[in-house]
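Worksheet: one structure, shown below.
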Amino acid sequence: MLQCHAKNCNSNNYPLQLSKVEVVNQETEFNPMFLRNMLPKLEWNALVKTAFQINVTLPNALPESSTDELDEEFLKTLHRVLLETHIQQGQMTCPNCNHVYHIKDGIPNMLLDETEA
Amino acid sequence: MNKEDKSRHFDGRTDKEAIPIFITHEEFRLPELESLTKIEHVKISYNKEEYRKNCPFLVVEIDSEKEATRLIKRAILIRNIYELWGMGKTYEEVHTQVKSKPERWPPYDYKSFKFIVSAFGSTCSSDYQVKIINSFAYLGFKGDIDLKNPEVQFGVLEDYGLDPYLPGPPPEPYMIYFGRSIASGNRDLIQTYNLKKRRYIGNTSMDAELSLIMANQALAAPGKLIYDPFVGTGSFLLTCAQFGAFTMGSDIDGRQIRGQTNRSIKSNVEQYNLNGKVLDTLVFDICHHPFRDNLWFDAIVTDPPYGVRAGAKTLGRKEPFKRPLTPKLIDGIPAHKREDYYPPTKPYEMSEVLSDLLDFAARFLVVGGRLVYWLPTVVDEYSNSDLPEHPSMKLVSNSEQNFGQWARRLVTMEKFKENIIGEHANVLNAKGLDNLSFVYHRKDDVIKEKQSGFKLNLNLISCILKNL
């Protein structure tokens, strides 16, 4: 969902690249309705890249079928990535300007310096 | 046994249903009711003219008992819904109406039951209550009386009104309602989310009842994504998640989000067992937010920091040109690259907060999505035209919580069309409110006192709804 928002960093500014991550998995209730709701909003390629960085492989292309008929298997994978995988610690680096955002205790800090805002 | 079939008449029409609503926040009741009809897809009709703010009863038409139950299952301001059997200015009128539909009685002939008599705006002695209950003896119920867990409950509700010019309650009620209790609202949730029982709160945490009402105003429901850009200690993340929505929040001040060990937004999420519903909290300034352009949110629910109780901040400096903008170094590392970096902030004027909030909502809400937020106002100076506007947002409701000299208003807006780039919020009329934070600060103590008084005054109010 996020992109680098530093001043003058307007292109190629997502997905932010993860590094030094510590991932925690927490099982939660599967909610296909929410996933179908979210799917059209996702930038699929970006998600695949990001997931790959934390060792989760997603299909390269979105399944062709309409969002109503997506198979359960696929939605469950998506559920694991979006809702059960929490990055506790780590860094997110902008692929364009190399700005580093820290994630601490599962809370990303996206604040900018006053020179960047 | 299918209760619903039994409650239908021979002529195929459903019974009249009366809904007494128990309400503390009088200006919030109708907006909540309207929101509930939308959330639960229940059609109701009622006479807006008949609705009075100081009356706890409202009669509405509703298609079925099932729908009535669904309508109020998550209601915070509706206490109860009754199937109306009779109403009138005198008991004679009530009895006549009840007796005109004896076909309604048989399903309850052998059920355990309970009668309650309650008077709004007056009190009634137990002798009087017994007398009233006995006057309904002709119903001939043969089941046991069970005061604890009756299978069916009947209510006699007397409305004596709240006329401030009378020395005491009038001798006779203005209106009497008699009906069968169908379902209750969800006022128990107020206790569940009571701030006194919540492990982590801040000095501006929103009270439980209002937080829950806001979740209803936002049409929070399973599968939706709801966002609070001034999350603070995260009250709305919890109440919206309670109704099944997925929630996320952000704040410029990460300290409030993190809290202390074992007391944080995260610990609250665990306390209420909402793991997996409250998705993420992030630290950033809403004026410099990192969201990729998309219609992410089904609702935005927030209590912006206007400086009434906690000052609003945005990135920047009060006097921007005093020093050249070069990154400061601490231990050879640019200060803003350090993990504990907290950038300089400047006060954030109320009109700017509003215009940023509305622009943000117009850009990131789905069409049909709602923005629910608080706006502080000075009671004597407020007029409805002070509300900020936006070309793609329309006003749904605007309810005042009065604290004497100042008030706050819960504003609900709906995005009704696509946002056009370059269109911005109009907050010109709200500009006058920018310099008021000082006044509020001084009045803080008074406010607290008034707040508790306010609650006591309104606790007695309730409403009735019916179905022809």
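Key figures
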| item | result |
| --- | --- |
| Condition check for residue B:108: over 22 Å from residue B:148 (Cβ atoms), of a type in the set (Ser, Thr, Tyr), in contact with a helix residue (DSSP H, G or I) (Cβ under 9 Å, 6 or more places away or on another chain) and in contact (Cβ under 8 Å) with a residue 24 or more places away in the chain | no |
| Residue that is surrounded by the fewest Cβ atoms within 10 Å (Cβ to Cβ) [pool: residues in region B:280-294 that are within 7 Å of chain A (Cβ to nearest Cβ) and hydrophobic (A, V, I, L, M, F, W, C)] | B:291 |
| Check on residue B:70, of a type in the set (Lys, Arg), under 19 Å from residue B:119 (Cα atoms) and either in the same structural domain as residue B:121 (by TED's automatic domain parsing) or more than 23 Å from the chain's Cα centre (by Cα) (or both) | no |
| Residue in region B:382-390 that is over 30 Å from residue B:245 (Cα atoms), at pLDDT 80 or above and of a type in the set (D, E, K, R) present | yes |
| Options B:147, B:166; residue that is of a type in the set (A, V, I, L, M), surrounded by fewer than 18 Cβ atoms within 10 Å (Cβ to Cβ), more than 17 Å from residue B:57 (Cβ to Cβ) and touching a residue at least 24 places away in the same chain (Cβ under 8 Å) | B:147 |
| Single condition residue A:84 does not satisfy, out of (1) of a type in the set (D, E, K, R); (2) more than 30 Å from residue B:259 (Cβ to Cβ); (3) at the interface with another protein chain (Cβ under 8 Å from one of its Cβ atoms) | (2) |
| Residue list for region B:85-105, restricted to those being surrounded by 14 or more Cβ atoms within 10 Å (Cβ to Cβ) and in contact with a helix residue (DSSP H, G or I) (Cβ under 9 Å, 6 or more places away or on another chain) | B:85, B:86, B:87, B:88, B:91, B:95, B:98, B:104, B:105 |
| The lone exception for residue B:295 - which of (1) part of a loop (DSSP other than H, G, I, E, B); (2) closer than 22 Å to residue A:85 by Cβ; (3) not basic (Lys, Arg) it fails | (2) |
| Every residue from region B:106-144 that is surrounded by 12 or more Cβ atoms within 10 Å (Cβ to Cβ) and under 34 Å from the mean Cα position of the chain (by Cα) | B:113, B:114, B:115, B:116, B:117, B:118, B:119, B:120, B:121, B:122, B:124, B:129 |
| Some residue of region B:265-276 being part of a strand (DSSP E or B) and either within 9 Å of chain A (Cβ to nearest Cβ) or over 23 Å from residue B:410 (Cβ atoms) (or both) | no |
| Qualifying residue in region B:309-318 (condition: at pLDDT 80 or above and either in contact with a Gly (Cβ under 7 Å, 6 or more places away or on another chain) or not in a loop (DSSP other than H, G, I, E, B) (or both)) | no |
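Okay, residues lined up against (1) at pLDDT below 80; (2) away from every other protein chain (no Cβ under 12 Å); (3) loosely packed, with under 14 Cβ neighbours inside 10 Å:
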{"residue": "A:13", "(1), (2), (3)": "yes, no, no"}
{"residue": "A:46", "(1), (2), (3)": "no, no, no"}
{"residue": "A:58", "(1), (2), (3)": "yes, yes, no"}
{"residue": "A:78", "(1), (2), (3)": "no, yes, no"}
{"residue": "A:89", "(1), (2), (3)": "no, no, no"}
{"residue": "A:96", "(1), (2), (3)": "yes, yes, no"}
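The values are calculated or read from the model by the stated rules, or taken from the named source; none is laboratory data. What you see is a predicted model; the values in this text were computed from it and never measured. Glycine also receives a Cβ, built like all others from the backbone with ideal geometry; neighbour counts cover every protein chain displayed.
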